[in-house]
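Peer 1: Could you have a look at this structure, given as structure tokens, before my questions?
The values are calculated or read from the model by the stated rules, or taken from the named source; none is laboratory data. Source: prediction; values computed, not measured. Methodologically, a virtual Cβ is constructed for each residue, glycine included, from the backbone with ideal geometry; neighbour enumeration extends over all protein chains shown.
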Amino acid sequence: MKLALLFIFAAAAVALGEIVPAEFSLPDIKASVVLPSGWEMTSESDDGVFVFRFGRTGNPGSGELPSIALSVTTKVAERTGQTPSEYAAALVDSPQDDGTSAPVQKGVIGGLPSLRSEDTFEGDVGKMRTVSVAVPNDKSGTLYFFAWQAPIDEPLELEAVREKIIASAKFDPAF
């Protein structure tokens, strides 16, 4: 009975044009994120650095499709000479050369501390905004880094999607 009700609510949400989320497992990094329906994931890795791109599917010729990237770097101290927290602070505190930056915000994502920065700059298609969220794990030596780039006038719906994806991240504290 519960399954039938869940199916009916999901079908109704799709019919109304609402986003039906689905959890995507990221077994290589022992994590997961929730993505809206119609989004897909691609990934690549090299020597303990993993890059996941999440984006809406569609006709690539129909304009810019929204996407967000998650890069995961293991053994940060060996690679950079800094703890993941120090490296995260350096990454989010480096403003665009030709733009403006908001103050770095602190928070918690997936049970780990996070640092967030937002910058604006003039891009090829006009005024752009980047949102960077670094999630350092000093105990395991890993850094998770979300990056989003969109026109400054991005629709509020896309902003909400971005925030839901980032907030949904679950990380294994031992990875």
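Peer 1: Could you go through region 11-24 and let me know if any residue there is farther than 17 Å from Trp148 by Cβ, surrounded by 15 or more Cβ atoms within 10 Å (Cβ to Cβ) and at pLDDT 90 or above.
Peer 2: No: zero hits.
Peer 1: Related question: Please return the ranges of strands (runs of 3 or more DSSP E) entirely within region 77-171 where 3 or more residues are of a type outside the set (A, V, I, L, M) and either touching a residue at least 24 places away in the same chain (Cβ under 8 Å) or in contact with a Ser or Thr (Cβ under 6 Å, 6 or more places away or on another chain) (or both). Full working, then the answer.
Peer 2: On the way: elements: 105-109, 112-123, 126-137, 142-151.
By residue number, 112-123, 126-137, 142-151.
Peer 1: Going by the conditions given, is Phe145 crowded, with 20+ Cβ neighbours inside 10 Å, out of contact with any Lys or Arg (no Cβ under 9 Å at 6 or more places or on another chain) and modelled with pLDDT of 90 or more?
Peer 2: Yes, satisfied.
Peer 1: Among the numbered criteria (1) within 18 Å of the chain's Cα centre (by Cα); (2) surrounded by fewer than 16 Cβ atoms within 10 Å (Cβ to Cβ), which one does Leu112 miss?
Peer 2: Of the numbered conditions (1) within 18 Å of the chain's Cα centre (by Cα); (2) surrounded by fewer than 16 Cβ atoms within 10 Å (Cβ to Cβ), the odd one out for Leu112 is (2).
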